[in-house]
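Scroll down for the structure; my scribbles are underneath it.
The values are calculated or read from the model by the stated rules, or taken from the named source; none is laboratory data. Quantities reported herein were computed from a predicted structural model and do not represent experimental measurements. Cβ atoms come from the backbone with ideal geometry, glycine included; neighbour counts cover every protein chain shown.
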Protein chains: 6
Amino acid sequence: MGINSVGIDNDERFERGWEKLREIDGEAGERVIESLKDIAPDLGRYTIEFPFGDVYSRPGLDLRSREIATVAALTALGNAAPQLKVHIHGALNVGCTSQEIVEVIIQMAVYAGFPAALNGATAAREVFAERGLIEA
Amino acid sequence: MGINSVGIDNDERFERGWEKLREIDGEAGERVIESLKDIAPDLGRYTIEFPFGDVYSRPGLDLRSREIATVAALTALGNAAPQLKVHIHGALNVGCTSQEIVEVIIQMAVYAGFPAALNGATAAREVFAERGLIEA
Amino acid sequence: MGINSVGIDNDERFERGWEKLREIDGEAGERVIESLKDIAPDLGRYTIEFPFGDVYSRPGLDLRSREIATVAALTALGNAAPQLKVHIHGALNVGCTSQEIVEVIIQMAVYAGFPAALNGATAAREVFAERGLIEA
Amino acid sequence: MGINSVGIDNDERFERGWEKLREIDGEAGERVIESLKDIAPDLGRYTIEFPFGDVYSRPGLDLRSREIATVAALTALGNAAPQLKVHIHGALNVGCTSQEIVEVIIQMAVYAGFPAALNGATAAREVFAERGLIEA
Amino acid sequence: MGINSVGIDNDERFERGWEKLREIDGEAGERVIESLKDIAPDLGRYTIEFPFGDVYSRPGLDLRSREIATVAALTALGNAAPQLKVHIHGALNVGCTSQEIVEVIIQMAVYAGFPAALNGATAAREVFAERGLIEA
Amino acid sequence: MGINSVGIDNDERFERGWEKLREIDGEAGERVIESLKDIAPDLGRYTIEFPFGDVYSRPGLDLRSREIATVAALTALGNAAPQLKVHIHGALNVGCTSQEIVEVIIQMAVYAGFPAALNGATAAREVFAERGLIEA
């Protein structure tokens with residue numbers, strides 16, 4: 001890309017992040033990075049490096065708990081449906097059951113209101129249908 | 001209180017909620033209910049019945065995961081510092097380590113920005129100091 | 001459904017909520033509950049019980065004022081377009097005029113900014129057109 | 001003030017807004033404008049002109065309903081405690097009862113979550129105590 | 001329109017706002033006002049008068065900086081995609097480069113999280129493609 | 001600190017970030033990092049590395065424009081008063097005038113509502129008073 005022009009060798013951090021992103025978000029995550037290529041490739045690079053190369057690679061909290069935290073936050077914020085769907089995939093990919101994901105979404109009715117939970121359930125239905133867990 | 005005048009017997013649901021609230025939030029939770037007595041006692045009653053009597057009492061997700069979800073959501077929303085502090089207590093009460101809580105808060109920098117994470121860390125510091133986990 | 005496994009008899013609360021939901025939101029409300037059947041039926045149940053069985057059934061504030069409050073809040077939050085549309089229907093169903101609804105939405109420009117009000121107006125246009133109040 | 005330098009005569013709009021602000025918000029509203037004098041007097045001027053001279057002066061919705069809408073929105077947004085307190089005063093000033101205000105705040109638990117409602121109740125308690133409606 | 005019935009002559013303010021809206025937002029801005037005609041024409045009038053007739057017409061900050069502020073705010077809020085697109089057009093119209101706009105959007109990852117920045121990049125891609133700055 | 005245990009040499013990125021943080025935020029920024037030492041030192045490290053070492057160090061947008069974007073976003077979000085104050089200092093440190101900062105804050109009334117702008121003005125008054133630009 002040649003954009004991060006300051007010249008630091010972040011290769012190891014980038015590689016670790018790329019592997020972690022693929023482990024968690026799978027193809028859905030790769031498509032996010034791909035979609036940034038023509039508009040903001042550095043944002044794609046940062047998305048790999050900081051969230052995945054730094055944060056998700058940290059010890060101290062298992063990936064299943066990390067995805068529960070992310071699904072909770074994105075459901076509560078309610079303004080990031082595409083990312084919520086990616087991380088519902090992610091939660092399933094790292095071992096959360098569909099029931100656990102639904103429990104997190106229901107719980108968000110308490111903290112962010114019923115509309116946030118209802119829209120979270122809509123996102124979950126779309127992801128579960130894509131994966132054949134429920135009928136489309 | 002005599003407010004829920006429609007006459008349904010919700011006693012079992014209330015009792016279950018009250019026990020769950022005490023298990024999770026301890027004295028901090030009791031103080032929330034107490035503080036509502038002169039202004040909106042029914043809101044106190046609903047806080048016991050729906051979040052604790054219904055949601056936290058559900059099977060399908062362990063309490064530790066539920067508190068991780070709540071700390072994540074309240075850190076991300078960034079506009080509910082008193083409740084975030086109550087649930088950092090709650091997370092510790094149900095078995096999360098202080099390190100795990102800090103990991104959740106750091107992770108929120110990714111989904112809600114650094115200010116949300118920094119203010120979450122401030123809330124955690126206050127709770128950890130109250131409990132003698134760090135120096136006040 | 002068999003999900004609320006703890007065994008409390010909430011039937012009266014559920015029935016009251018179901019009637020209130022139908023009174024306020026009509027078919028649009030029923031469709032929300034229906035849509036949850038395959039993904040989170042308990043969230044549908046809670047949506048009937050707490051918002052409608054508990055809150056909207058309370059004395060102390062008329063339904064017209066309650067719908068004004070809800071349209072105001074959902075317009076201001078700006079991240080729950082489907083629920084805003086349901087409650088614009090609801091406001092009309094309980095006696096608000098289309099002019100009153102538009103006044104509430106305009107007022108939100110003051111408290112949540114012009115984009116929130118403009119997107120609220122878009123939701124109102126869709127609902128008014130569905131009901132033949134303006135040309136589609 | 002001489003700030004609105006473009007030269008339009010907005011005096012009538014300003015006067016109407018000032019009277020409306022005093023009618024609704026009383027001294028609490030005047031203090032807001034006063035507090036802006038040394039930092040952003042034009043923002044004070046706009047606050048009088050647009051919200052009060054334009055919006056609250058509109059026919060089509062009574063002031064009591066307008067204050068219900070504002071208390072609902074500010075409780076739901078949850079990030080504007082000083083303004084929420086001013087408008088709880090305002091709601092009381094234009095004829096809402098303290099019970100009606102509490103009903104609006106409880107209802108926001110449904111749309112913005114329990115923390116928003118709990119923090120709204122805290123704001124109401126402070127205002128009601130200032131006015132001697134409950135014990136301080 | 002005949003709605004602003006109080007009778008103040010705001011013509012000069014309206015004219016100035018209309019010219020400013022056309023200068024900044026171009027046809028995209030005109031379409032917003034047009035779209036309000038059948039539902040809330042006064043909201044269209046206020047959109048011209050206050051944001052454009054008052055705020056954007058103020059001396060003290062150049063239009064390029066004003067559009068940077070608006071693109072930043074709308075990207076961070078994350079719940080106003082149509083308005084963000086209008087103002088990405090606006091930023092280009094008043095002299096911002098596409099690179100500068102992308103820089104603002106990337107920066108919002110810091111203050112509102114990566115999902116806000118990613119969705120901002122999606123909006124920018126759509127606008128840049130409409131204008132032939134990148135391939136559709 | 002020894003926490004970023006994966007072993008990548010990020011020293012150059014950290015150093016560049018630290019210099020940039022000191023250039024922009026000055027002592028207020030250093031205090032933020034210091035305050036994290038006992039609770040989440042890695043969050044301090046990330047705050048230096050990603051926002052300052054990566055984003056603010058990028059070419060393509062001048063620091064004055066970057067601080068305008070940040071003041072706009074934090075005023076609009078309305079839930080991060082401490083960080084808003086740090087960046088009002090930052091805006092002044094990189095060459096924005098107090099008038100320009102006030103213009104950005106007034107403009108946020110349009111996009112996030114008057115309460116957000118009023119609370120932004122409160123933050124600005126505190127910072128300007130600390131620096132002797134207005135009377136305390």
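Any residue that is surrounded by fewer than 19 Cβ atoms within 10 Å (Cβ to Cβ) and of a type in the set (A, V, I, L, M) - is there at least one of those in the stretch B:10-31?
Within the stretch B:10-31, none of the residues are surrounded by fewer than 19 Cβ atoms within 10 Å (Cβ to Cβ) and of a type in the set (A, V, I, L, M).
Among A:T47, A:T122, which is over 25 Å from B:Q83 (Cβ atoms) and facing chain C (nearest Cβ under 9 Å)?
Of the residues listed, the single one that is over 25 Å from B:Q83 (Cβ atoms) and facing chain C (nearest Cβ under 9 Å) is A:T122.
With away from chain A (no Cβ under 14 Å) and over 30 Å from A:T75 (Cβ atoms) as the only criterion, which of E:E34, E:E100, E:E130, E:E135 stands out?
Of the residues listed, the single one that is away from chain A (no Cβ under 14 Å) and over 30 Å from A:T75 (Cβ atoms) is E:E34.
Give the residue, chosen from C:R131, C:R58, that is surrounded by fewer than 20 Cβ atoms within 10 Å (Cβ to Cβ) and touching a residue at least 12 places away in the same chain (Cβ under 8 Å).
C:R131
Among the residues of the stretch E:108-119, is any of a type in the set (V, I, T), touching a helix residue (DSSP H, G or I) at 6+ places or on another chain (Cβ under 9 Å) and at pLDDT below 95?
No; the residues of the stretch E:108-119 include none that is of a type in the set (V, I, T), touching a helix residue (DSSP H, G or I) at 6+ places or on another chain (Cβ under 9 Å) and at pLDDT below 95.
Looking at D:D42, D:D9, D:D54, which one is among the acidic types (D, E) and at pLDDT below 95?
Of the residues listed, the single one that is among the acidic types (D, E) and at pLDDT below 95 is D:D9.
Scan the stretch C:114-121 and give yes if some residue there is over 16 Å from the mean Cα position of the chain (by Cα) and free of Cβ contacts under 8 Å to residues at least 12 places away in the same chain, otherwise no.
yes
E:F14 versus (1) of a type in the set (F, W, Y); (2) in contact with an Asp or Glu (Cβ under 6 Å, 6 or more places away or on another chain); (3) without any contact (Cβ under 8 Å) to a residue 12 or more places away in the chain: which is the lone unmet condition?
(3)
From (1) under 28 Å from B:G44 (Cα atoms); (2) at pLDDT below 95, pick out the condition that doesn't hold for C:R64.
Condition (2) is where C:R64 drops out.
If you scan the stretch F:31-78, which residues turn out to be over 23 Å from B:V102 (Cβ atoms) and among the charged types (D, E, K, R)?
The answer is F:R58, F:D62, F:R64, F:R66, F:E67.
Mind telling me which of the residues C:D11, C:D25, C:D54 ends up being within 26 Å of A:A123 (Cβ to Cβ) and outside the structural domain of C:T122 (by TED's automatic domain parsing)?
Just one listed residue meets the conditions, C:D25.
Among the residues of the stretch B:64-86, is any more than 14 Å from chain F (Cβ to nearest Cβ) and surrounded by fewer than 20 Cβ atoms within 10 Å (Cβ to Cβ)?
yes
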